[in-house]
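Nothing in this text is a laboratory measurement; each read-out follows from the coordinates by a stated rule. In this text the structure is predicted, and so the values were computed from the model without any measurement. All Cβ positions, glycine included, derive from the backbone under ideal geometry; neighbour counts span all protein chains shown.
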Amino acid sequence: MQAKREFRDREDVEVAVLDALVDRGGDGMTVFELRAAADVDIDTLEDALAELKDDSLISVETDEGRTVVLPADRVIPDPTEAPDEESLLDAVRDRLGL
């Protein structure tokens, strides 16, 4: 599952982090798990996490001695709603990196 479409117009690393968190469900992920999912170095991941936290798109919680990152509820798509159809123009923009 991917993060809602309105949150996909961000840096690639931030989108990868949001997608990984949404895909994991309510369990959250550790920084090490996110680093593996996003396939980036730790400094790049830290910058992305800081930006997402500043924008209130993620939260950080400690659960049983384990620190996990969780997506904000507004980032998670509603499974009962039909996914947005990607238009041809959106596909071209994504492909060109615009």
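Explain nothing, just the number: dipole magnitude of the chain about its Cα centre with +1 on each Lys and Arg Cβ and -1 on each Asp and Glu Cβ, in debye rounded to the nearest 20. Intermediate values should be presented prior to the final figure.
Working: 11 positive and 28 negative charges, 19 e Å.
Using Cβ point charges on Lys, Arg, Asp and Glu, the chain gives about 100 debye.
If I take R0 = 25 Å and measure r between the Cβ atoms of T67 and D39 in this structure, what FRET efficiency does the formula 1/(1 + (r/R0)^6) give, to the nearest 0.05?
Numbers: r = 21 Å, r/R0 = 0.83.
In this case the efficiency is close to 0.75.
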Seminar exercise, completed: Relative to the chain, whose Cα atoms define the longest principal axis, helix 42-54 and its Cα axis are tilted in degrees, nearest 10, by 80 degrees
Seminar exercise, completed: Sorted by chain and then number, the residues having a modelled amide H within less than 5 Å of the amide H of S59, at least 5 places away or on another chain, are L70, A72
For this session: Note down the nm distance, to one decimal, between modelled labels 7 Å out along Cα→Cβ at D23 and at A50.
Result: 2.6 nm
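For S59, what charge total do you get from the other residues with a beta carbon under 10 Å from its beta carbon, if Lys and Arg give +1 and Asp and Glu give -1?
Values: positive: K53; negative: E61, D73.
Overall, the nearby charge balance is -1.
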Exercise. Taking only the alpha carbons of the chain, what extent do you get along each of the three principal axes, in Å, biggest first?
Worked result: 46, 32, 22
Exercise. By how many degrees, 0 to 90 and rounded to 10, does the Cα axis of helix 12-24 deviate from the longest principal axis of the chain?
Worked result: 70 degrees
Problem set entry | ³J(HN,Hα), Karplus 6.51/-1.76/1.60, whole Hz, each residue of region 61-68, x for Gly, Pro | 10, 9, 10, 6, x, 10, 8, 10
